[in-house]
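First comes the structure, then the notes that go with it.
Throughout, read-outs are computed from the coordinates displayed, never taken from laboratory work. Everything quoted here is computed from the prediction, not taken from an experiment. Here the Cβ positions follow ideal geometry from the backbone for every residue, glycine too, while neighbour counts run over all protein chains shown.
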Amino acid sequence: MIGVQDFIGYYDWTFEYLRRNFGEPAVRDFWVRAISQDSQTHARELIVGKGFDGMYEYWAHTLEMEEAGYTFDRGDDYFRIDMVDCPSKGHLIKRGLAAYHDYCEHCIGWIKPLMDDAGFMIEHEHNHAGQCWWEMRRAADRLTTPPPDRGPHDVRNLPNWQQAQHDVFLNSERLEDDTDDVGAAV
Amino acid sequence: MSAGDFYYAINATFRFIHDTYGKEALIDYWTSMAHEYHADVAARFRTGGLEEVRRYWADYFAAEPGGDVQVSLTETGVEIDVRDCPAIRWLKDGSREIIPCYCEHCHYVSTAIADQAEMRFALTGGGGTCHQVFGLRGGPV
């Protein structure tokens, strides 16, 4: 049986299987149709129906279940997650698994379509080392720069945050010029 | 305890490949996974024999959330008596539409693992209860 205890390993392998056999667009299509619109219908129902409250409800459940290292933050106009120890990427790093060339991309791959449908935008950055931050804001609340330092729980303040390659998203769009310090806390 | 909601993603992955690329592609996905991702499991079985098969599956099902599965080593091989499949249970409890060929993955994945380990595999049943046997190639059935 394909179980859930080693799911992350063959989830990563599945991305590479799809890329190898059907091309990179098939991986993106998989994240939208299989994950965002099918697997994660419980997240979709909560977030479309309850907004920020639904985000809290969904991620409180799933991150506890996955035993992640994380904090939540909530403002009037945002819901924030700081991930200091991603269980998913951490599983791969510990076991030396990297079948697909960009495992972390799957999160934005399924969460962005959901947030688009729910009327929210995403500010996000990950460092490919098991650390990332997310801020979801209402679609009308566009930013011109990444959000400010949110305090001690802000993952950007960790001494090991500035490692590996950083991918940055502002108003749900990838910043192509994602130099190392573009998302650093100020 | 493992995160049971990942069963939703497994079910959705099977449906995506089946509906987008067809049944043959889904079978290729399962057998490729067995030959690539599970190659180390097959090597363990080939080296450790049926006792390693028993140990692997007993540990595996013990780590899955829920379900009722008995694993035993008998004269015919390692018998896996799935009385309440943890995957089917989780999907049903979550009111998910289960792809009709969901249970076939056990047949294709385990047959391909057994082939690599120079063993044989047989499965009867499905839909939440089934009986699986890993045996030595040419051994008693």
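Using the charge dipole of region B:68-140 (Lys, Arg: +1 at Cβ; Asp, Glu: -1 at Cβ; taken about the Cα centre), state which of B:ALA117, B:HIS107, B:GLY138 has its Cα farthest towards the positive end.
Of the candidates, B:HIS107 comes out farthest on the positive side.
Any chance you could give the angle, 0 to 90 degrees and rounded to 10, that helix B:104-116 forms with the longest Cα principal axis of chain B?
30 degrees
Got a sec? How would B:CYS103, A:CYS86 order by Cβ neighbour count within 10 Å, fewest to most?
Working: B:CYS103 20, A:CYS86 24.
With the sparsest Cβ surroundings first, the list reads B:CYS103, A:CYS86.
Sequence gap at least 6, Cα distance under 8 Å: using those rules, report the relative contact order of region A:1-156 to the nearest whole percent.
Numbers: 186 pairs, mean separation 37.2, N = 156.
It rounds to 24 percent for region A:1-156.
Return A:VAL4, A:VAL48 ranked ascending by Cβ neighbour count within 10 Å, so the fewest neighbours appear first. Before the final figure, lay out each step's value.
Values: A:VAL4 24, A:VAL48 15.
The most exposed by this proxy come first: A:VAL48, A:VAL4.
Roughly how tilted is helix B:6-21, in degrees to the nearest 10 and between 0 and 90, from the longest Cα axis of chain B?
The two axes meet at around 80 degrees.
Positive end of the charge dipole of chain A (Lys, Arg +1 and Asp, Glu -1 on Cβ, about the Cα centre): tell me which of A:TYR10, A:HIS101, A:TRP31 has its Cα farthest that way.
A:TYR10
Between region A:60-96 and region A:6-56, how many Å separate their Cα centres?
Rounded to whole Å, the Cα centres lie 16 Å apart.
Excluding B:ASP81 itself, calculate the net charge of residues whose Cβ lies under 13 Å from the Cβ of B:ASP81, where each Lys or Arg counts +1 and each Asp or Glu counts -1. Let's see the in-between values first.
Values: positive: B:ARG54, B:ARG83; negative: B:ASP68, B:GLU79, B:ASP84.
Value of the local net charge: -1.
Pull out a ≥ b ≥ c, the square roots of the eigenvalues of the alpha-carbon gyration tensor of region B:6-136, then state rounded if a/c is under 1.5, prolate if not and a/b is larger than b/c, and oblate in the remaining case. Spell out each step's value before the answer.
Working: a/c = 2.02, a/b = 1.30, b/c = 1.55.
Oblate shape, in that a/c is at least 1.5 and b/c is the bigger or equal ratio.
Using a cut-off of under 14 Å, list every residue of region A:54-90 whose amide N is near the label point 7 Å from the Cα of A:LEU158 along the Cα-to-beta-carbon line.
Backbone N within reach: A:68-72, A:81-90.
Charges only on Cβ, +1 for Lys and Arg, -1 for Asp and Glu: so what's the dipole of the protein assembly as shown about the Cα centre, in debye to the nearest 20? Please report the intermediate quantities before stating the final value.
Values: 30 positive and 54 negative charges, 162 e Å.
Here the protein assembly as shown has a charge dipole of around 780 debye.
Kyte-Doolittle cut-off 1.6, length cut-off 24 Å along the helix's own axis using Cα: show which whole DSSP H helices in chain A pass. Intermediate values should be presented prior to the final figure.
Details: long enough: none.
TM-like helix candidates: nothing returned.
Take A:PHE30, A:PHE22 and order them by how many other Cβ atoms sit within 10 Å, fewest up front.
Details: A:PHE30 25, A:PHE22 16.
The order, fewest Cβ neighbours first, is A:PHE22, A:PHE30.
Work out the FRET efficiency for B:ASP19 and A:THR62 from their Cβ-Cβ distance, taking R0 = 22 Å, and round it to the nearest 0.05. Before the final figure, lay out each step's value.
Values: r = 25 Å, r/R0 = 1.15.
My answer for the efficiency is 0.30.
Going by amide H atoms built from the backbone, whose H comes under 5 Å of the H on A:ASP85, apart from near neighbours?
A:GLY69
Go through region B:10-99 and name the trypsin sites (Lys or Arg not before Pro) that are in a DSSP coil and have 15 or fewer other Cβ atoms within 10 Å of their Cβ. Intermediate results must be reported in sequence, preceding the final value.
Details: sites: B:ARG15, B:LYS23, B:ARG44, B:ARG46, B:ARG54, B:ARG55, B:ARG83, B:ARG89, B:LYS92, B:ARG96; in loops: B:ARG96.
Sparse-neighbourhood loop trypsin sites (Lys or Arg not before Pro): none present.
I need the phi-derived Karplus couplings for region B:73-82: 6.51 cos²θ - 1.76 cosθ + 1.60, θ = phi - 60°, integer Hz, Gly and Pro marked x.
Those phi angles translate into 9, 10, 5, 8, x, 8, 9, 10, 9, 8 Hz.
Distance between Cα centroids, region B:125-141 to region B:41-57: provide it in whole Å.
15 Å
On full extension of the chain, what length is gained from A:GLU176 through A:THR144, given 0.36 nm per residue of separation minus the C-alpha to C-alpha distance? Before the final figure, lay out the partial values.
Details: separation 32, 0.36 × 32 = 11.52 nm, distance 1.47 nm.
Answer, rounded to one decimal: 10.0 nm.
With charges only on Cβ, +1 for K and R and -1 for D and E, what is the dipole size of region B:6-136 about its Cα centre, in debye, rounded to 20?
Values: 11 positive and 19 negative charges, 34 e Å.
For region B:6-136, the charge dipole is close to 160 debye.
Where is the GNM fluctuation largest for chain A (alpha-carbon springs, 10 angstrom cutoff): A:HIS91, A:HIS61, A:HIS166?
Fluctuation is largest for A:HIS61.
With only Lys, Arg, Asp and Glu charged, each at its Cβ (+1 for the first two, -1 for the last two), find how big the charge dipole of region A:7-174 is about the Cα centre; round to the nearest 20 debye.
Computed about the Cα centre, the dipole is about 340 debye.
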